[in-house]
1. If I model a spin label at A:SER125 and B:LEU81 as a point 7 Å from the Cα along the Cα→Cβ vector, what separation in nanometres do I get?
2. About the Cα centre, and with charges only on the beta carbon of Lys, Arg (+1) and Asp, Glu (-1), how big is the dipole of region A:49-195? Nearest 20 debye, please.
3. Considering only C-alpha atoms, what is the centroid distance from region B:56-96 to region B:230-252, in Å?
4. Relative to the present Cα-Cα distance, how much length would full extension add between B:ILE159 and B:TRP66 at 0.36 nm per residue of separation?
5. Going by accessible area, probe 1.4 Å, with all protein chains left in place, what is the ranking of A:SER198, A:SER186, largest first?
6. Where does the Debye-calculated log10 I(q)/I(0) of the protein assembly as shown sit at q = 0.05, 0.09, 0.10, 0.12 Å⁻¹, using only Cα point scatterers of equal weight, no solvent?
7. Nothing charged except the Cβ atoms of Lys and Arg (+1) and of Asp and Glu (-1): what's the magnitude of the dipole of region B:209-292 about its Cα centre? Round to the nearest 20 debye.
8. Starting from region B:134-191, pick out the GluC sites (Glu not before Pro) whose DSSP state is loop and whose Cβ has at most 11 other Cβ atoms within 10 Å.
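The values are calculated or read from the model by the stated rules, or taken from the named source; none is laboratory data. Remember, predicted model here, so these are calculated numbers, not experimental data. No Cβ is skipped: glycine too gets one built from the backbone with ideal geometry, and neighbour counts run over all protein chains shown. Protein only, heavy atoms only, side chains kept; ligands, DNA and RNA dropped before computing areas. Shrake-Rupley method; radii C 1.70, N 1.55, O 1.52, S 1.80 Å.
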Amino acid sequence: MTATLTRTATVSRRQVKARRRPDQVRSRLAAWIAVVLIGLFGMLPVYWLVATAFTPDDRAFSFPPSLFPTEITFDHFANLAENEQLFGYLVNSVIVSVVTAVLSVVISAYMAYAFSKFRYRGRKSLMHLVLASQMFPQALLLVTLYAVFSASGLLGSYTALILSFTTFTLPLCVWMLKGIFDTVPSSLMEAAAIDGASRLRTLHQIALPLAAPGLVAAGLFAFVRAWNDFVFALTLTDPDRQTLPPGLVHTYLGEFQTAWPDLMAASFVVSLPVIAAFMFLQRYLVGGLTAGAVKG
Amino acid sequence: MNTRKLSDGQFAWLLMIPGLALFLAIIAYPLASALVTGFFEQSLVRPGRAFAGLSNFADVLGGDFWPVLRNTLVFTIGATLIPFVIGYALALALNSGIRGSGFLRGLFLFPWVIPGVVVSFLWLWIFNANYGVLNGVLMELGFIETTVSWLGQPVTAMIAVIVTKTWASFPWMMVMLLAGLQTMPKELHEAASVDGAGAVRRFRSVTLPHMKGIAGIVLLLEFIWNFQHFDTIYVLTGGGPAGATKTFAVAVYDTAFKGFDLGHATALGGLWMLLLLVLVAFYLRRETKERS
């Protein structure tokens with residue numbers, strides 16, 4: 001009896017293997033074909049950005065373009081370094097993005113904590129409102145924000161930019177941080193309460209330190225979103241307060257002939273901090289994405 | 001302040017005050033005032049306004065609305081379904097146990113990580129009519145004989161913005177769908193295999209049902225985002241040529257900031273927001289279902 005059972009088990013396992021082998025070869029092959037094809041679509045443009053940034057002007061503007069560099073130049077990066085206007089945009093970008101990130105994290109941490117650790121009337125509806133708010137049309141919001149900032153005299157200031165960026169970083173941070181606080185065990189807070197700590201002290205000395213990595217991640221996401229924003233920065237600022245994305249448009253587009261290699265070099269530099277941030281954020285990626293809209 | 005006397009609910013509300021204040025000031029109030037402004041004749045650059053009743057809405061519905069809705073739908077559907085298919089194929093490929101899939105996943109994130117405005121510059125350069133690499137490659141391969149002005153013709157311009165947005169968002173689809181695939185118990189596939197199901201059958205009967213939830217959310221979110229997408233279209237075509245890529249975002253922006261016509265801009269924007277609200281309501285219902 002036992003013998004037959006073992007034998008059928010072996011046979012069926014062998015059958016499975018026999019069935020799986022050609023199957024597996026085929027699916028591996030299909031997988032590699034997909035990876036290579038999509039890889040070409042995904043990577044060739046990135047390659048072209050980098051290649052153009054290092055190509056001398058006369059070669060970049062020859063047609064058909066040579067796909068492989070025969071000559072490499074660092075001139076375009078040198079041009080960037082000498083461009084004071086661009087340096088100004090860079091400084092604006094850093095100021096605005098850092099302040100947006102810090103402000104968003106500080107304010108949303110309290111809100112997320114309230115959402116995560118307490119149960120009260122109106123909590124669910126408010127959470128939904130926050131989640132929904134990041135899906136309202138930005139271009140429409142922009143039109144009335146312009147009117148609001150114009151009436152309050154904030155138009156053109158850093159404050160206008162930071163506040164307008166908060167419209168999409170705040171909901172994002174609230175949802176991310178709620179997820180983080182959910183993972184901090186409530187028993188720790190109850191223990192602190194039994195030891196006589198106030199709720200505010202429990203929040204500051206126990207919950208926040210435990211959530212610190214999450215706070216950093218949320219801050220980086222907010223930083224990236226602010227760094228990448230184009231339409232608010234294009235419209236709500238004076239030229240001397242403008243950040244890099246609209247700044248690059250002003251510097252390079254709309255002229256008679258665009259200096260493409262210079263623009264690609266600038267694009268390369270603008271992308272670097274974002275790429276660096278995402279390398280750190282890899283493991284928060286999926287959680288952060290499901291928690292809210294990272295990219296609109 | 002002594003918070004010990006407060007109930008938990010009161011304390012929670014106290015914590016939310018700064019966030020709620022900011023929320024009301026910069027999101028709720030502007031959006032509400034946008035909806036009101038739709039009923040007024042108002043300029044962006046001159047103070048004062050006059051009540052206009054429904055005339056802005058009538059103008060919009062009799063003019064811009066329908067072509068803009070059509071363009072928005074074409075763009076949104078294209079820029080949602082194409083990256084979905086690509087992202088799904090890639091997620092399946094990376095989940096099939098091929099070597100280096102972790103590294104490849106990171107590599108494929110690049111297009112998505114790059115700032116939106118850089119994405120636009122890059123593709124503007126690729127599609128460039130005179131020196132663009134796309135024309136260069138297609139001519140070398142013999143697909144076209146003369147250079148094509150991709151962004152200068154209505155149909156190719158729409159295709160171009162869809163391709164650009166596809167490039168920028170398929171990695172996000174890939175990450176989300178891959179996360180879904182990785183939560184699928186291996187035993188399910190093995191059991192189906194023992195029962196004699198081939199790869200196609202297993203995909204249809206095991207993988208697809210398991211992925212329904214996440215695929216639905218991903219499609220819906222991407223649809224909502226694309227429905228209000230601005231950057232790529234604005235930089236690549238500015239809504240042209242001849243309004244062929246003019247979506248709601250571009251139309252509202254142009255009406256307000258080039259035509260300075262706040263009344264018409266917000267009337268169009270209000271209709272746009274109504275459509276979005278339906279989508280967002282779907283999303284919230286699914287979210288609530290998923291979480292409970």
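1. 3.9 nm
2. Roughly 1140 debye for region A:49-195.
3. 14 Å
4. Stretched out fully, the B:ILE159 to B:TRP66 stretch lengthens by 31.5 nm.
5. From most accessible down to least: A:SER186, A:SER198.
6. -0.25, -0.78, -0.94, -1.28
7. 320 debye
8. Those that pass, being in a loop and sparsely packed, are B:GLU145.
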